[in-house]
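Enquirer: Provided herewith is a single structure, encoded as C-alpha cells, for subsequent inquiry.
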Amino acid sequence: MALITKTDLYFTDYSWSAIEPDDPRVTGEPDSTLLNRKEGYEILYFINKLSDIWSLKNKSSATKIERMIRFEVPSNIHSQLTIRIWIHDNWNESRY
C-alpha cells in the first residue's frame, strides 16, 4: 500500500504526464532508469517504493525523501538506483 498520494506531496509544481502502467519509471525496483525530478508520477512511485523498501511508516519520512530529491541530491546524479543510494547514505545528515 502506498504511503503517500498525489495530494500528500509537498511540492505542487510537478508535471503529470500520462505514463503507461508498465513503464519502468513507475514499476519494479529502482534501477538504472533515469528519474525525472519534475514528473509527479515518477516521484510519487519512487518515494512510495523507497518507503516500502525501507519500511518507512510516517508521511513525514516520505516528505523528507521528496525534499531531499528536490534540494539535496546532487544534480549530476540521475538514475533511480544512484539517487536511492545517495538518499540512504545521506539520510542522517539531511537538514530535513
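The values are calculated or read from the model by the stated rules, or taken from the named source; none is laboratory data. Nothing here was measured: the structure is a model prediction, and the numbers come from that model. Every residue, glycine as well, gets a Cβ built from its backbone with ideal geometry; the counts of neighbours run over all protein chains shown.
Residue-by-condition table, conditions (1) acidic (Asp, Glu); (2) in a helix (DSSP H, G or I); (3) without any contact (Cβ under 8 Å) to a residue 12 or more places away in the chain:
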position: 30; (1), (2), (3): no, no, no
position: 50; (1), (2), (3): no, yes, no
position: 56; (1), (2), (3): no, no, no
position: 64; (1), (2), (3): no, yes, no
position: 75; (1), (2), (3): no, no, yes
position: 87; (1), (2), (3): no, yes, no
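Enquirer: Filter the range 1-28 for residues that are assigned to a helix (DSSP H, G or I) and not basic (Lys, Arg) and give the result.
Expert: First, the residues of the range 1-28 that are assigned to a helix (DSSP H, G or I): 6-8, 24-26.
Scanning the range 1-28 gives 7, 8, 24, 26.
Enquirer: Hey, another quick one. Please find, among 47, 83, the residue that is more than 8 Å from the chain's Cα centre (by Cα), at pLDDT 95 or above and among the aliphatic types (A, V, I, L, M). Spell out how you get there, then give the answer.
Expert: Working: 47 fails: more than 8 Å from the chain's Cα centre (by Cα).
Among 47, 83, only 83 is more than 8 Å from the chain's Cα centre (by Cα), at pLDDT 95 or above and among the aliphatic types (A, V, I, L, M).
Enquirer: Confirm whether residue 49 is at negative phi and loosely packed, with under 13 Cβ neighbours inside 10 Å.
Expert: On the way: at negative phi: yes; loosely packed, with under 13 Cβ neighbours inside 10 Å: no.
Here the answer is no, as residue 49 does not meet what is asked.
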